[in-house]
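Engineer: Please see the structure below; I have some questions.
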Amino acid sequence: MGLGEALRSWLRVRGRSAEHVSFAVRRLAGMVLALYLVVHMVDISTLLMGEHVYSAFLQVFASPIGLVFDVVLWAFLVLHGALGLYSALVEAGLLLERRKVLLAAAWAAALLLLVVGIVVILYVMG
Amino acid sequence: MRLVVRRWKEGWRAPRYDVFEVEADPSESVLDLVERVSLKLDPTLTFEHACHHGVCGACGMVVNGVERLTCVTRVGDVARNGVILVEPLHGFKVVSDLVVDKSRMFSRYPDDTRTLERVAAQVEKLWDCVECGICYSACPVACSYPSYLGPSVLAWAFHRAVEEGRVPAPVASRSGVWSCHAAFDCSEKCPVNFQPGEKIMRLRRLLLRGAVEVV
Ligand code: SF4
Ligand code: FES
C-alpha cells in the first residue's frame with residue numbers, strides 16, 4: 001500500500017461522519033505543523049548567515065501575506081490541539097458515551113480560539 | 001433510475017464505471033436493483049448476497065459514498081437526483097466487480113469464535129456483529145494498514161477479554177488496539193450498532209489498567 005492510498009483513505013470526506021472528518025482534519029493539521037517545524041528550522045538557521053539575513057526573512061512575515069500565513073498556521077494549531085485533546089480523552093477510553101458532545105465541544109473551542117487568534121494577529125500584531 | 005456500478009475483473013488494467021437505466025420503486029432495496037441488472041441486463045455483473053434481510057452480512061457495498069448493507073437500504077433513501085453509485089467495500093481486495101475478499105477479517109477469528117452460523121443457544125450470536133466488513137471499509141486505518149486486525153475482530157476481543165480476563169498478544173500489539181486513531185466511522189457505519197470503536201477504546205482501558213492478561 002502506497003502513501004497516496006493511505007492519504008486518500010485518511011483524508012476521505014465523501015459520505016464520512018463528523019468523527020471521520022475530524023480525524024482527517026486532525027491528521028492534515030498534524031502534517032502541516034510537522035512541515036512547518038521543518039520550515040521553522042530553516043528560517044531560524046538563517047541566523048547563521050548573519051543578523052541582517054534573519055531580519056530580512058522576518059520582514060516577510062510582517063507583510064500582509066505573512067499575516068495570512070500566521071492565521072492559517074494558528075487555525076491548524078488550534079484544530080490539531082482541540083481535536084487532539086478530544087482524541088486523547090476518547091482514546092484512553094474516557095467519556096465514550098459522551099463522545100459526540102465532546103467532539104462538538106472540541107470544535108467549538110477550536111473555532112473560539114481561532115477567532116481570538118485572528119483578532120490578536122490582525123489587530124494587535126498587524 | 002440510473003445505477004452506476006464500479007466494475008473490475010481479473011486481468012483488467014483499470015476499473016470502469018458502467019451505467020444501467022432501470023425501473024425502480026423507491027421502497028425496494030438497492031440489492032434488488034443490482035440483482036435486476038444482473039438478471040436482465042448484464043449477467044456478468046458479480047455481487048454477493050444471501051439472506052436478503054440484514055442478517056448474513058454478505059451484501060455490504062459502498063452506496064453513493066457510504067457503506068451500507070444493500071438488502072436493507074431503500075432506493076428512495078439513498079438515490080441522489082435519480083442516480084445510485086455502487087462500489088465494492090474499501091479495505092479489502094476486490095475479487096470481481098462488487099465482490100471483495102474478506103479473509104483479512106474472517107481469518108483473524110479463532111476457530112472457536114461464535115459466529116452467527118456457529119452460535120450455540122447459550123450465547124448471543126457473535127455479540128450481534130453480522131461480520132459484514134463495513135467497519136473495515138469505513139476505517140481509515142484498516143484501509144491504509146493491511147496488518148491492522150480491524151474493528152470487528154478487536155470488538156470481539158473486547159468481549160472475550162471481559163468474559164475470560166485475557167486477550168491474545170496480537171490484540172495488544174501495534175497491529176491491534178494501539179493502531180486505532182479514533183475516527184469512529186466504524187461505529188457510525190455499523191448496520192447493527194455493534195460499536196466497535198467504543199469497544200476498542202474500552203479494551204485499551206482494560207489493558208492500561210492491567211485488568212486483562214495478555215497471552
Ligand atoms: S462490527 Fe458492525 S460493521 Fe463491523 S463487521 Fe460487525 S456488523 Fe459489520
Ligand atoms: S443479503 Fe444478508 S445482510 Fe444483506
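Engineer: Could you state the per residue volume, in Å³, of the convex hull enclosing the Cα atoms of chain A? Before the final figure, lay out each step's value.
Structural biologist: Details: hull volume 18.9 nm³, N = 126.
Normalising the Cα hull of chain A by residue number yields 150 Å³.
Engineer: Now, a different point. Please turn the phi angles of segment A:94-110 into ³J(HN,Hα) values with the Karplus equation 6.51 cos²θ - 1.76 cosθ + 1.60 (θ = phi - 60°), one per residue in order, whole Hz, x for glycine and proline.
Structural biologist: Calculated HN-Hα couplings, in order: 9, 6, 5, 5, 10, 5, 5, 5, 4, 5, 4, 5, 5, 5, 4, 5, 5 Hz.
Engineer: Let me ask you something else. Could you give each residue of segment B:35-48 its phi-based ³J(HN,Hα) in whole Hz, using Karplus coefficients 6.51, -1.76, 1.60 with θ = phi - 60°, and x for Gly or Pro?
Structural biologist: 4, 5, 4, 5, 7, 10, 10, 8, x, 8, 6, 10, 7, 10
Engineer: Taking H placed 1.01 Å from N in the peptide plane, check which residues at least 5 places from B:ARG166 or on another chain put their amide H under 5 Å from its amide H.
Structural biologist: Distant-sequence amide H within range of B:ARG166: B:GLU213.
Engineer: Return the sequence-ordered ³J(HN,Hα) values of segment B:7-14 in whole Hz as given by the Karplus equation 6.51 cos²θ - 1.76 cosθ + 1.60 applied to θ = phi - 60°, using x for Gly and Pro.
Structural biologist: Those phi angles translate into 10, 7, 10, 3, x, 6, 7, 8 Hz.
Engineer: Could you pull out every residue, at least 5 positions away or on a different chain, whose amide H is within less than 5 Å of the one on B:SER173? Hs are placed 1.01 Å off N in the peptide plane, and Pro or chain starts have none.
Structural biologist: B:TRP178
Engineer: Measuring with a 1.4 Å probe in the full set of protein chains, what accessible area per residue, in whole Å², belongs to segment A:1-59? Mind dumping the intermediate values first?
Structural biologist: Working: 3650 Å² over 59 residues.
Averaged over the residues of segment A:1-59, the accessible area is 62 Å².
Engineer: Using DSSP to define loop residues, name the trypsin sites (Lys or Arg not before Pro) in segment B:1-69 whose beta-carbon has at most 15 other beta-carbon atoms within 10 Å.
Structural biologist: Details: sites: B:ARG2, B:ARG6, B:ARG7, B:LYS9, B:ARG13, B:ARG16, B:ARG36, B:LYS40, B:ARG68; in loops: B:LYS9, B:ARG13.
Answer by residue number: B:LYS9, B:ARG13.
Engineer: Right, another one. How well do other chains shield peptide A:7-15, expressed as the mean number of their Cβ atoms within 10 Å of each residue Cβ?
Structural biologist: 5
Engineer: For all pairs of alpha-carbon atoms in chain B, what percent lies in each bin of width 10 Å, listed from the first bin to the last filled one?
Structural biologist: Once binned at 10 Å, the Cα pair distances of chain B give 8, 33, 32, 18, 8, 1.
Engineer: OK, next. Normalising by the residue count of segment B:2-101, find the relative contact order in percent from Cα pairs under 8 Å and 6+ residues apart.
Structural biologist: Here the relative contact order equals 33 percent.
Engineer: Given segment B:2-101, report the % of alpha carbon pairs whose separation exceeds 15 Å.
Structural biologist: 57 percent
Engineer: Evaluate E = 1/(1 + (r/R0)^6) for B:LYS93 and B:HIS52, where r is the Cβ-Cβ distance and R0 equals 30 Å; express this FRET efficiency to the nearest 0.05.
Structural biologist: With R0 = 30 Å, the Cβ-Cβ based efficiency is 0.75.
Engineer: Would you tell me the mean number of C-beta atoms belonging to other protein chains that fall within 10 Å of each C-beta in B:136-142, as a whole number? Mind showing how you got there, number by number?
Structural biologist: Numbers: counts 0, 1, 6, 3, 12, 4, 1.
Mean partner-chain Cβ count within 10 Å for B:136-142: 4.
Engineer: At a threshold of 8 angstrom on Cα-Cα distance, excluding pairs fewer than six apart, so keeping six or more, what relative contact order does chain B reach in percent?
Structural biologist: Taking the mean separation of contacting Cα pairs over the length of chain B, I get 17 percent.
Engineer: Enumerate the residues in segment A:13-28 having an amide nitrogen under 15 Å from the point lying 7 Å beyond the Cα of A:LEU35 toward its Cβ.
Structural biologist: Residues passing the 15 Å test: A:25-28.
Engineer: Do you know the relative contact order of chain A, to the nearest whole percent, from alpha carbon pairs under 8 angstrom that are 6+ apart?
Structural biologist: About 24 percent, as a whole number.
Engineer: As an exercise, use a Förster radius of 30 Å and the Cβ-Cβ distance of B:GLU10 and B:ALA169 to find the FRET efficiency, rounded to the nearest 0.05.
Structural biologist: The pair B:GLU10/B:ALA169 has a calculated efficiency of 0.25.
Engineer: Cα to Cα, under 23 Å, and not fewer than 8 places away if on the same chain: which lysines meet these conditions relative to B:LYS40?
Structural biologist: B:LYS9
Engineer: Could you calculate the FRET efficiency of B:ASP18 with B:ARG209 from 1/(1 + (r/R0)^6), where r is the beta carbon distance between them and R0 is 51 Å, rounded to 0.05?
Structural biologist: 0.45
Engineer: Taking the C-alpha atoms of the protein assembly as shown, how large are the radius of gyration and the largest Cα-Cα span, Dmax, in Å?
Structural biologist: Computed over the Cα atoms of the protein assembly as shown, radius of gyration and Dmax are 24.0, 80 Å.
Engineer: Moving on. May I ask you to give the percent of accessible area on the protein assembly as shown that is carbon plus sulfur, with a probe radius of 1.4 Å?
Structural biologist: Details: 10670 of 17140 Å².
So the carbon and sulfur contribution to the accessible surface is 62 percent.
Engineer: Okay, moving on. Could you order B:SER27, A:SER63 by accessible surface area, starting with the largest, using a probe radius of 1.4 Å? Before the final figure, lay out each step's value.
Structural biologist: Working: B:SER27 80, A:SER63 35 Å².
Sorted descending by solvent-accessible area, the residues read B:SER27, A:SER63.
Engineer: Round to a whole angstrom and tell me the spacing of the C-alpha centers of segment A:56-115 and segment A:1-53.
Structural biologist: 13 Å
The values are calculated or read from the model by the stated rules, or taken from the named source; none is laboratory data. All values reported here derive from a predicted model rather than from experimental measurement. For neighbour counting, all protein chains shown are included, and Cβ atoms are generated from backbone atoms with ideal geometry for every residue, glycine included. What goes into the accessible areas is simple: the full protein's heavy atoms, side chains included, and nothing from ligands, DNA or RNA. Shrake-Rupley method; radii C 1.70, N 1.55, O 1.52, S 1.80 Å.
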